[in-house]
Amino acid sequence: MKHLYLTVLLSLCSCLTSWGQPSNTPCLQTATGAKVIATAGCQLSSACYPFRANENAEQDPKTLTNLPADAEVFHQNLNPVFPGDCVTHASIMSADLVEYFIGNTITKVQTIVPKGSKKVKLWIADADHIGTPLYSKYVTCERDKVVELPCDLKIEKAFNLLVAITMEYEEKSNCWAPIVPCNRYSAWFLEDTSTGIIGFLDYTTMRAQLYGDENLCYGYFFNCITEGEGGFRDYEIKVEGVSHTRAFIGEASDFSIGVTNYGTKKIATAKFLAKMGDAEQVIEHEQAIKFLYYANIKSQLSTPTTPVRVPLSVELIEVGGESISDSNCSEDGSITAVDPKLSVRRNTVMEEFTGTWCGWCPRGARAIELLTEKYPDTFIPIAIHGNDEFSVSEFDTHIARYSKGFPSSTVNRLTFGDPYTGSTEHGGGNLGIAKDLAYVSKLPCEASLTLKDATLDADAREITFTTDVCFSIDSKTAPYAYGFVLTEDGLSGVQSNYYCINYQDNPEAVPADLRDFVSKTSKFKMDMNHVARYCNGIDGLSDCIDAPIVKGETQTKTFSIDIPSNVTKPENLTLVVLLLDSDSGEILNAARIVPSITDGIAATTADRPQVSAADGLVAISRFNGHVSIYNAAGQKVADTMVNNSAVFNLEKGCYVIRTSNTEGVDTLKVTL
């Protein structure tokens, strides 16, 4: 059967990587949730390839590209292809680049066509709608040298532009790709029509892990030569974001500014003006920023002396000694001052990215077992599966944003690394992830979160619960949100295992905590616990926390969520509620609870109230006690004492009714 290999270098974001960057750096998210494919046998060399750019080569403002003009092209060896195979090499020029070229026409595409391909087709498409190319034409060209393929495509709007060459092979040949060191976070996309397997090769991360350099990126060699009035400017620096940071009151607060140079000229120096209330500070950056390179500029300000959250604005005021006044060159962050006496110990949430197809992923499951034993009250694991029988599509975007390959993990979305050894910044060594947990748990935290009255109606397949959140700061706004996750224990799956293959002759090279995997088979039956089965608001639900936030004041809300059909054992569920910082995306705190099972919380008995709902009215009778009613966002819409009966006039929607008296607490869900 004919094989089709599609290799795409995706320019996922205009920055280097997402590690340690302001959260609002623009990113192009991949739409396809696909597994990461192993890359054993891939080699990188330049010895067999003669092209080397001039070190003084200048970036052409009319060339739409994501590559530096002065970089060497490397020869990336891939797998051999066979007669009848098709190979597609492609690259995505993301919309933030394409917008500079609106109105221009792509007249030529500069690339390198590997030797061995007999038929070559150049095509360009909208990366979000690849099925209908915007331009497609078979071309004749030389191999193994830089060529310019004729093209005729006018750029009408900003979009994620995919440029590609598809090559057909009539004889067995080595497949290789010309790649260039760059500053665009990249991945390779592969498709094999004979097996139906599609997947992403997270090439940048693999190179970084191999060489210990998280700044190592590569892009496929494509340059789109254009004609028209548009194009890159000589000097164009953009403030991409300002961090949202926390510090104890009166101490120096670290913060960072993210900037990208979209100009073709290297930026030698830049100055910024940071403002926090009446305080101002000029920040100077004196390290060169090259074309499309990202700089994470760090500085400090004195934290307010009272517990409060205040905005921090940063404006670009000077580039290369030239003053500028462009209001578009400013971004906002925040600084939260926390009283150390009132700071709450954070519960640590480890989101583990795993899959049964991933042979190294057993170490993540083992780390969760060990950490659960070590920190039974403060450690909250969420095992997020990708591309296996336990995966949930609602997590696909989350995996694309936070996963650094499989296995990987994030702790409160503040540290990123291996789920066993931990991050390079704070972890390292056997069960080094515990060091990440220790680091996160000690960070300033201005909010406590507790769960209570969580009940599971197995028949109606819904969970009702109440949250209490209390802040130790004042804030005019409420940039916080809830996220709800259900995890399930006791699932059985067949797990791939590389330890027995790679270490069967040297088991002592494996940490003692993991050594038993060496004696297991390459696929073994494994109990899967803490498996993510449902999420709502994984990045935060709006209108969950009320503004203004008053120090010491508790906000109580009740929610109800439906149990999804993929849950096989509701009695094995754990509810996890995440308290998120809406601005930074970090998990500020979290809580979990195992819901108690009821026989039907809406049932009417002698000691429970009778509730009816119709025509915009909710009637409660045969009850003496306290009644609270919450809407779907958890906002309290009614709160009163009832003496025998009461009627509430409500708008259409779903509501949770919570009643309490000396007989106990009950909740039920009604819809008007």
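Which net charge results when you count Lys and Arg as +1 and Asp and Glu as -1 among the other residues whose beta-carbon is under 13 Å from that of VAL308?
+1
Please figure out what share of the DSSP beta bridges in the range 302-411 is antiparallel and state it in percent, rounded to the nearest 5.
65 percent
Can you compute log10 of I(q)/I(0) for the range 336-424 with the Debye formula, treating each Cα as one identical point scatterer, at q = 0.16, 0.20 Å⁻¹?
Cα-only, vacuum Debye calculation for the range 336-424: -0.65, -0.92.
Quick one: which residues, 5+ away or cross-chain, put their amide H under 5 Å from the amide H of ALA638? H built at 1.01 Å from N.
ILE629
Could you pull the Rg and Dmax for the range 370-524, using just the Cα atoms, both in Å?
For the range 370-524, the Cα radius of gyration and maximum Cα-Cα distance read 19.0, 62 Å.
How much length is gained if the chain between LYS266 and ALA279 is pulled fully straight, taking 0.36 nm per residue apart and subtracting their Cα-Cα distance, in nm to one decimal?
Extending this stretch completely gives an extra 1.5 nm.
Which whole-Hz ³J(HN,Hα) couplings does the range 441-447 yield from phi under the Karplus relation 6.51 cos²θ - 1.76 cosθ + 1.60, θ = phi - 60°, glycine and proline marked x?
Computed from phi, the couplings for the range 441-447 are 5, 9, 5, x, 9, 9, 8 Hz.
Through the Karplus equation 6.51 cos²θ - 1.76 cosθ + 1.60, θ set to phi - 60°, convert the phi angles of the range 338-348 into ³J(HN,Hα) values in whole Hz; use x for Gly and Pro.
10, 6, x, 6, 10, 5, 9, 5, 6, 6, 9
So, in nm, how far is label THR305 from label ARG345 when the simple model puts each one 7 Å beyond its Cα toward the Cβ?
Label at THR305, label at ARG345, 3.2 nm between them.
According to the Kirkwood expression over distinct Cα-Cα pairs, how big is the hydrodynamic radius of the range 435-553, in Å?
Kirkwood radius, the range 435-553: 18.9 Å.
Pop out the ³J(HN,Hα) list for the range 138-154 in order, Karplus 6.51 cos²θ - 1.76 cosθ + 1.60 with θ = phi - 60°, rounded to Hz; leave Gly and Pro as x.
6, 10, 10, 7, 6, 10, 6, 8, 5, 10, 10, 8, x, 8, 8, 9, 8
FRET efficiency for ILE501 and GLU369, Cβ-Cβ distance as r, R0 = 35 Å, nearest 0.05?
The formula returns an efficiency of 0.95 here.
Give the Rg (one decimal place) followed by the Dmax (whole number) of the range 475-626, computed from C-alpha coordinates and expressed in Å.
Both quantities, over Cα of the range 475-626: 23.1, 73 Å.
Pop out the Kirkwood hydrodynamic radius of the range 487-556 from its pairwise C-alpha distances, inverse of mean 1/r, in Å to one decimal.
It is 16.4 Å.
Taking K and R as +1 and D and E as -1, what net charge do the other residues with C-beta under 15 Å from the C-beta of GLU284 add up to?
-3
Taking K and R as +1 and D and E as -1, what net charge do the other residues with C-beta under 11 Å from the C-beta of PRO381 add up to?
Net local charge, PRO381 excluded: -3.
For the range 230-284, just list the percent of Cα-Cα distances falling in each 5 Å bin from zero outward, please.
It works out to 4, 14, 21, 22, 14, 10, 7, 4, 2, 1, in whole percents.
Need the list of lysines near LYS266 for cross-linking: C-alpha distance under 26 angstrom, and skip anything on the same chain fewer than eight residues off.
Correct list for LYS266: LYS62, LYS108, LYS238, LYS290, LYS298.
Just grab the label-to-label distance for ASP468 and GLU227, each label 7 Å out from Cα along the Cβ direction, in nm (one decimal).
Here the answer is 7.3 nm between the modelled labels.
Among LEU580, TYR534, PHE524, which residue has its Cα furthest toward the positive end of the charge dipole of the range 494-614, with +1 on Lys/Arg Cβ and -1 on Asp/Glu Cβ?
PHE524
Could you work out how far apart the two model spin labels at ASN643 and ARG143 are, taking each label as a point 7 Å from the Cα in the direction of the beta carbon, and quote it in nm?
9.4 nm
Using 0.36 nm per residue of separation minus the Cα-Cα distance, give me the extension gain between VAL550 and ASN430 in nm, one decimal.
38.9 nm
Applying 1/(1 + (r/R0)^6) with R0 = 22 Å to the Cβ-Cβ distance of LYS298 and ILE324, what FRET efficiency is obtained, to the nearest 0.05?
The formula returns an efficiency of 0.50 here.
Computed FRET efficiency, Cβ-Cβ of THR671 and SER522, R0 56 Å: what is it to the nearest 0.05?
0.65
Once amide H atoms are built 1.01 Å from N in the peptide plane, which residues 5 or more positions from CYS182, or in another chain, come under 5 Å H to H?
Excluding prolines and chain starts, which carry no amide H, the hits are CYS217, TYR218, GLY219.
Quick query: amide H of VAL338 versus all other amide H atoms, modeled in the peptide plane; which residues come in under 5 Å with a sequence gap of 5 or more or a different chain?
Result for VAL338 returns ALA247, PHE248, ILE249.
Expressed in nm to one decimal, what extension gain is obtained for the pair SER492 and HIS626 from 0.36 nm per residue of sequence separation less their Cα-Cα distance?
Value of the extension gain: 43.8 nm.
None of the figures in this text is laboratory data; all of them are computed from the coordinates on show. The shown structure was predicted, so the numbers you read here are calculated from the model rather than taken from an experiment. Here Cβ is always computed from backbone atoms with ideal geometry, including for glycine, and neighbour counts include all displayed protein chains.
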